[in-house]
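Taken together, the values in this text are just the output of simple stated rules run on the coordinates, not laboratory data. Values in this document were obtained by computation on a predicted structure and should not be read as measured data. Reconstructed Cβ throughout: ideal geometry from the backbone, glycine too, with neighbour counts over all protein chains shown.
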Amino acid sequence: MIEIKNRWNGSIIYTGEHTDIREAVKAAVKSGSNLSGSNLDFSAWPLCCGSCDVAVDVMIARQLAYHFCRLECDDPEYIAARNALVEFANKSHLIKIHSMPLLEKMEERNANSDETE
């Protein structure tokens, strides 16, 4: 039995028979559970269509933004999107609690800058 609890008051947001927290999060998302206030550190956010339109609080949104910003991708569209999120992502609890580094904006480059003339 795995329970996903509210990090502030300990109330149970979701409970189910699962082998690990990753499976529990997937099931909670699929069931439409409101994960606002949940403590999802060290879990895995499912990258399936079922995880779209999930209700979360700003703490989870900042954590997801931080992880997005830590991807290694040199595509100009990604860099622009990442740079737009850096300030928001740098407010993530991950930085203080887990000693993660502050993010810095990446140098943007033109999508055609690699092409020779």
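Descriptive notes on the structure:
- Among L40, L71, L102, residue whose mean-square fluctuation peaks in a GNM of the chain (springs only between Cα atoms under 10 Å): L71
- Filter on K5/K96; K5/K91; K30/K96 - keep pairs with C-alpha separation over 29 Å: K30/K96
- Residues S92, S11 in ascending order of nearby Cβ atoms (within 10 Å, fewest first): S11, S92.
- Paramagnetic reach from N110 (point 7 Å along Cα→Cβ, amide N under 20 Å) across the stretch 73-88: 74-81
- When V29, V58, V86 are sorted by how many other C-beta atoms sit within 10 angstrom of their C-beta, beginning with the fewest, the order is V58, V86, V29.
- Value of relative contact order over the stretch 1-116, rounded to a whole percent, pairs C-alpha under 8 Å and six or more apart: 18
- The chain, helix-only ellipticity at 222 nm - DSSP H runs n ≥ 4, -39,500 (n - 2.57), divided by all residues, nearest 500: -10500 deg cm²/dmol
- Legend: calculated FRET efficiency, E3 to V58, from the Cβ-Cβ distance at R0 = 25 Å, rounded to 0.05, equals 0.65.
- Backbone amide hydrogens, once placed in the peptide plane, bring Y14 within less than 5 Å of I4, excluding anything fewer than 5 places away on its chain.
- Taking Cα atoms only, the orientation of helix 58-69 departs from the longest principal axis of the chain by about 40 degrees.
- Cleavage-rule hits, GluC sites (Glu not before Pro), the stretch 1-32, DSSP coil, Cβ neighbours within 10 Å at most 10: E17
- Mean projected area in nm² (Cα convex hull; one quarter of hull surface) for the chain: 8.9
- Within the chain, the longest run free of exposed loop sites, counting chymotrypsin sites (Phe, Trp or Tyr not before Pro) that sit outside DSSP helix and strand states (H, G, I, E, B) and have at most 11 other Cβ atoms within 10 Å, spans 43-117.
- Over the stretch 57-104, the Kirkwood radius and the radius of gyration, each from Cα atoms, give a ratio Rg/Rh of 0.97.
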